[in-house]
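Asker: Have a look at this one before I ask anything.
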Amino acid sequence: MSGEVTFAFRRWRRPTVRAGGTLRTALGVVAVRSVDPVAVEDISEEDARRAGFENTAELRHFLSGRPQGRVYRIEVGPGGEDPRVALRDKVPVGEELSELLTKLNKKDAAGARGPWTRAFLAEIAARPGVRAAELAERFGLATPVFKADVRKLKELGLTESLEVGYRLSARGRAVLDTLGG
């Protein structure tokens, strides 16, 4: 996060973030510093610019697309490094590897379609940089369902997103090798 945007405005029935929390975004980790209800007419031109809008009219137009709920001003700032980045290079051994395999087994058991984690890891390893839609089709899944499952692997540091598609991390490769892939 470059620091250019320091506010966000959202209309919610109830806030979905809390002060003191963090969010992972495409730009990195964002710290949530405060979450306060605000009347639309009390939003200043400066506040709108700090939220990345040209002016309050543009911000009000954005908020008008969401008619339900109160408007909240969320103050944000840099939140540090994404912990998944460091995790990707950490090759698991011993107990850590066993715990990771147990987590994958639980994910496989929890799904209605049966084991999927090894198959996803193997497919991503064999086809890095391939569009998610194409990979999803190979599994007979809707793209959003496939992407949600890949995010579960990413949370464990096993995959990383590319501009197009995915690839296995060093951690993911080690796990797949252990699984016999």
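Asker: Check L135, L141 and return the single one that is more than 25 Å from V91 (Cβ to Cβ) and touching a Lys or Arg at 6+ places or on another chain (Cβ under 9 Å).
Answerer: L141
Asker: Something else: From the list R73, R84, R60, pick out the single residue that is part of a helix (DSSP H, G or I) and over 27 Å from R151 (Cα atoms). Walk me through how you get there before you give the answer.
Answerer: Working: R73 fails: part of a helix (DSSP H, G or I); R84 fails: over 27 Å from R151 (Cα atoms).
Going through R73, R84, R60 in turn, the sole match is R60.
Asker: What single numbered condition from (1) outside any helix (DSSP H, G or I); (2) closer than 24 Å to T25 by Cα; (3) in contact (Cβ under 8 Å) with a residue 12 or more places away in the chain fails to hold for K147?
Answerer: (1)
Asker: Still on this model: Among what's in region 34-90 and is among the hydrophobic types (A, V, I, L, M, F, W, C) and open to solvent by 60 Å² or more (accessible area, probe 1.4 Å), pick the residue that is modelled with the lowest pLDDT. Before you say what the answer is, go through the steps one by one.
Answerer: Taking region 34-90 first, the residues among the hydrophobic types (A, V, I, L, M, F, W, C) are 35, 38-40, 43, 48, 51, 53, 57, 59, 62-63, 71, 74, 76, 85-87.
When the remaining residues are screened for being open to solvent by 60 Å² or more (accessible area, probe 1.4 Å), the result is 57, 85-86.
On the way: A57: 95, V85: 75, A86: 72.
The residue in question is A86.
Asker: Here's a follow-up. Scan region 155-181 for residues that are assigned to a helix (DSSP H, G or I), open to solvent by 40 Å² or more (accessible area, probe 1.4 Å) and under 18 Å from T102 (Cβ atoms) and jot them down. Full working, then the answer.
Answerer: Filtering region 155-181 for residues assigned to a helix (DSSP H, G or I) gives 155, 170-178.
Now drop any that are not open to solvent by 40 Å² or more (accessible area, probe 1.4 Å), which leaves 155, 170, 173, 177-178.
E155, D177, T178 - these are the residues of region 155-181 that are assigned to a helix (DSSP H, G or I), open to solvent by 40 Å² or more (accessible area, probe 1.4 Å) and under 18 Å from T102 (Cβ atoms).
Asker: Name every residue in region 32-78 that is among the hydroxyl-bearing types (S, T, Y) and more than 10 Å from F9 (Cα to Cα), in order of residue number.
Answerer: Residues of region 32-78 among the hydroxyl-bearing types (S, T, Y): 34, 44, 56, 64, 72.
Correct list: S34, S44, T56, S64.
Asker: Continuing with this model, one more query. Considering each residue of region 86-127, count those that are more than 27 Å from L141 (Cα to Cα) and of a type outside the set (S, T, N, Q), and give that number.
Answerer: Filtering region 86-127 down to residues more than 27 Å from L141 (Cα to Cα) leaves 86-87, 89-99.
The next check asks that each one be of a type outside the set (S, T, N, Q); those that pass are 86-87, 89-97, 99.
Counting residues in region 86-127 that are more than 27 Å from L141 (Cα to Cα) and of a type outside the set (S, T, N, Q) gives 12.
Asker: Separate question: Based on this model, can you work out whether V17 counts as open to solvent by less than 60 Å² (accessible area, probe 1.4 Å) and assigned to a loop (DSSP other than H, G, I, E, B)? I'd like the intermediate steps shown before the answer.
Answerer: Numbers: open to solvent by less than 60 Å² (accessible area, probe 1.4 Å): yes; assigned to a loop (DSSP other than H, G, I, E, B): yes.
The answer is yes for V17.
Asker: Then there is this: For region 112-130, name all the residues that are assigned to a loop (DSSP other than H, G, I, E, B) and without any contact (Cβ under 8 Å) to a residue 24 or more places away in the chain. Spell out the reasoning first.
Answerer: First, pick out the residues of region 112-130 that are assigned to a loop (DSSP other than H, G, I, E, B): 112-116, 127-130.
Matches in region 112-130: A112, R113, G114, P115.
Asker: Still on this structure, please answer the following. Modelled with pLDDT of 90 or more, of a type in the set (D, E, K, R) and more than 28 Å from V164 (Cβ to Cβ) - does that describe any residue in region 109-124?
Answerer: No, region 109-124 contains no residue that is modelled with pLDDT of 90 or more, of a type in the set (D, E, K, R) and more than 28 Å from V164 (Cβ to Cβ).
Asker: Among the residues of region 135-142, is there at least one that is aromatic (F, W, Y) and farther than 13 Å from L179 by Cα? Before the answer, list the steps.
Answerer: So in region 135-142, the residues aromatic (F, W, Y) come out as 139.
When the remaining residues are screened for being farther than 13 Å from L179 by Cα, the result is 139.
Yes: region 135-142 contains one or more residues that are aromatic (F, W, Y) and farther than 13 Å from L179 by Cα.
Asker: Of all residues in region 144-154 being among the charged types (D, E, K, R) and out of contact with any Lys or Arg (no Cβ under 9 Å at 6 or more places or on another chain), which is surrounded by the fewest Cβ atoms within 10 Å (Cβ to Cβ)?
Answerer: Our first condition is that a residue be among the charged types (D, E, K, R); within region 144-154, this holds for 147, 149, 151-152, 154.
Okay, now just the ones that are also out of contact with any Lys or Arg (no Cβ under 9 Å at 6 or more places or on another chain), so 147, 151.
Details: K147: 17, R151: 11.
Ranking the qualifying residues of region 144-154, first place goes to R151.
Asker: Another question, if that's okay. Would you be able to say whether some residue in region 33-54 is assigned to a loop (DSSP other than H, G, I, E, B), in contact with a helix residue (DSSP H, G or I) (Cβ under 7 Å, 6 or more places away or on another chain), free of Cβ contacts under 8 Å to residues at least 12 places away in the same chain and among the hydrophobic types (A, V, I, L, M, F, W, C)?
Answerer: Within region 33-54, one or more residues are assigned to a loop (DSSP other than H, G, I, E, B), in contact with a helix residue (DSSP H, G or I) (Cβ under 7 Å, 6 or more places away or on another chain), free of Cβ contacts under 8 Å to residues at least 12 places away in the same chain and among the hydrophobic types (A, V, I, L, M, F, W, C).
The values are calculated or read from the model by the stated rules, or taken from the named source; none is laboratory data. Here the structure is a predicted model, which means the values were calculated and not measured. FYI the Cβ positions are ideal-geometry reconstructions off the backbone, even for glycines, and counts take in every protein chain you see. Surface accessibility is based on the protein's heavy atoms, side chains included, excluding ligands, DNA and RNA. Shrake-Rupley method; radii C 1.70, N 1.55, O 1.52, S 1.80 Å.
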